[in-house]
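Taking it in order: structure first as C-alpha cells, then the write-up.
The values are calculated or read from the model by the stated rules, or taken from the named source; none is laboratory data. Model, not experiment: these values are computed from the prediction. Virtual Cβ from ideal backbone geometry, glycine too; neighbours counted across all protein chains shown.
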Amino acid sequence: TTTWPPPGARRVPLDDFYTETAEAGLDYGPAFQGLTALWQTDGALHAQVALPSDPEGDATGGAGADGHALHPALLDAALQPLALGVLGADRPGSAAVPAGLPFAWSGVRLHAAGATELQVTLTPTDDGGVRVRAATPDGLPVLDIAALTLRAPAPIRAAARAEQPPTEPLYRLRWPTVPLSTTPAPTTGGWGMLGLDPRELRPRLAATLGADVVPYLDRGALTETIDAGGPAPAAVVVFCDPPGHDDAGADAHTTTRQALDVLRPWLADERMADTRLVLVTHGAVTTGPDDPGPAPGYAAVWGLARTAQTEHPDRVVLVDLDDTDSSLAALPRALATGEPQLALRHGTAHVPRLMPLPPSDPPTEPPNAPSAEPPAEP
C-alpha cells in the first residue's frame, strides 16, 4: 500500500467545483459527480473518486460495474480535475495540470476490472499532456495512461447560453397524406415479383393493374431472363414476410438477413440499374394513433433499406401496407408519386416528413413506444 494522500499534499476545495464547471459549460449530471476529494503537490494532482450512489444508497457501479472493465462514470470522474485549468488561473489547483479536456489517448493499460473507487494521480508531461495512474484504495493498480493529450474548449457560460433564444425549432416525424397519381407506375417495362408470395398478393395486384405480374423465384431467374434477351421489368416487388417465430427478435434478425440477401446483389448488378426494387412490408411504421406499434420484423427491414436508399438513390422503394384491399389496389399509383417511402392505410398514401413542433406542443413518446430515460452526460 502507499500513503494517501501523498505527504505534503495540499487539499483543493471542491465545495463549488460542480457549480463552477456548470457555469463554464461543463454540466456534469448526477451520475458523473464522482470526484470526492482532491489534493495538490508540486506539479501533480491527486484525486479520490467513487461511483455516486442512488437515493436508496446503492452505488451506481453495483451490478453495473461488473459489466464494465472500468465504469465510464468512474473514468470520467478520474479525469475531471483537468477541468480546473479551464476554470481559470485563480481556481485552486489549476496550475498543477495543463488547461484542457481529454482529446487523444496513448499507452493505455488496464490492470484490473470492476473498481468502484479509485485514487488517481495526474502528472503533466513534457509535451503538454498528462500522465494518469489510478489504483484502488488498497493500492492495487487499475489503470495507467502514458500520455493523455488535452484540447482547450471554448468556454461557454451558462448565463450567455440562457440569453440566447433557440434559433432552430424542434422537429418530429409526421406522416401527412399525399395525393395518388392518376396513372399507375410503371407505365412501360411491366412488373415483376421476386421470391415467395405467402399472402397470395400477386394475383390481386395483377387484377388491379389489369396486367400480369411476372413471378421470379429469385434474382438468378430474373437475370437469366434478361440475359436471354427478355426485357428488364420497370419495377420488381418483394413481399417481405417474417417467418412468424414466437420470438420477435428472431423474426427481426431473419427478415433483415433475407432483405440484405436481396439488396446486396441487386444494388451491385448494373443490369438492375433501371429497375426499381419495391420492398413491401406490413405494419413496419406507425403513421398515427390508429396504427398498432411497429412490428419488429418489418421495422428492421425499413431501417436497413433506408440506409440502402441513402447510398443508392432511386433504386429502392419502401411501401408499408395495412391489411385492406384498397391499400394493395393503391400500390401502383403510390409508386407513381416518386416517393421513396410510403405507408398505405385504407387506400390513402402517407409519407414521412420532419415537421416543426409548435412551441406549445411538447414532445411526447410515440404510440406504443417504450419510454427510456437518456443516460446522463457530462
Quiz item: If you check THR286, THR310, THR348, which single one turns out to be assigned by TED's automatic domain parsing to the domain that holds PRO198, of a type outside the set (Gly, Ala, Ser), surrounded by 20 or more Cβ atoms within 10 Å (Cβ to Cβ) and at pLDDT 90 or above?
Solution: THR286
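Tally time: how many residues in the stretch 102-123 are surrounded by fewer than 17 Cβ atoms within 10 Å (Cβ to Cβ), on the phi < 0 side of the Ramachandran plot and in a strand (DSSP E or B)? Write out each step before concluding.
Step one: of the stretch 102-123, the residues surrounded by fewer than 17 Cβ atoms within 10 Å (Cβ to Cβ) are 103-114, 123.
Checking which are on the phi < 0 side of the Ramachandran plot leaves us with 103-106, 108-113, 123.
In the following step, the residues that additionally are in a strand (DSSP E or B) were identified as 103-106, 108-110, 123.
Of the residues in the stretch 102-123, 8 are surrounded by fewer than 17 Cβ atoms within 10 Å (Cβ to Cβ), on the phi < 0 side of the Ramachandran plot and in a strand (DSSP E or B).
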Quiz item: Hey, among the residues in the stretch 216-234 that are under 36 Å from the mean Cα position of the chain (by Cα) and part of a helix (DSSP H, G or I), which one's surrounded by the fewest Cβ atoms within 10 Å (Cβ to Cβ)?
Solution: GLY220
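For the stretch 197-211, how many residues are touching a Phe, Trp or Tyr at 6+ places or on another chain (Cβ under 9 Å), more than 18 Å from THR183 (Cβ to Cβ) and surrounded by 14 or more Cβ atoms within 10 Å (Cβ to Cβ)?
Initially, the stretch 197-211 is screened for residues touching a Phe, Trp or Tyr at 6+ places or on another chain (Cβ under 9 Å), giving 197-199, 201-202, 205-206, 209, 211.
Next cut, more than 18 Å from THR183 (Cβ to Cβ) only: 197-199, 201-202.
Then drop every residue that is not surrounded by 14 or more Cβ atoms within 10 Å (Cβ to Cβ), which leaves 197, 199, 201-202.
Counting residues in the stretch 197-211 that are touching a Phe, Trp or Tyr at 6+ places or on another chain (Cβ under 9 Å), more than 18 Å from THR183 (Cβ to Cβ) and surrounded by 14 or more Cβ atoms within 10 Å (Cβ to Cβ) gives 4.
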Quiz item: Out of (1) modelled with pLDDT under 85; (2) over 23 Å from HIS350 (Cα atoms), what's the single condition that is false for ALA146?
Solution: (1)
Quiz prompt | Members of the stretch 171-198 that are closer than 28 Å to THR255 by Cα, aromatic (Phe, Trp, Tyr) and at pLDDT below 90 | solution = TRP191
Quiz item: Can you name the number of the only condition in (1) at pLDDT below 85; (2) more than 22 Å from THR21 (Cα to Cα); (3) crowded, with 16+ Cβ neighbours inside 10 Å that ALA134 fails?
Solution: (1)
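Going by what's in this entry, would ALA47 be described as surrounded by 15 or more Cβ atoms within 10 Å (Cβ to Cβ), within 18 Å of GLY85 (Cα to Cα) and in contact with a Pro (Cβ under 7 Å, 6 or more places away or on another chain)?
Numbers: surrounded by 15 or more Cβ atoms within 10 Å (Cβ to Cβ): yes; within 18 Å of GLY85 (Cα to Cα): yes; in contact with a Pro (Cβ under 7 Å, 6 or more places away or on another chain): yes.
When the stated conditions are applied, ALA47 passes them.
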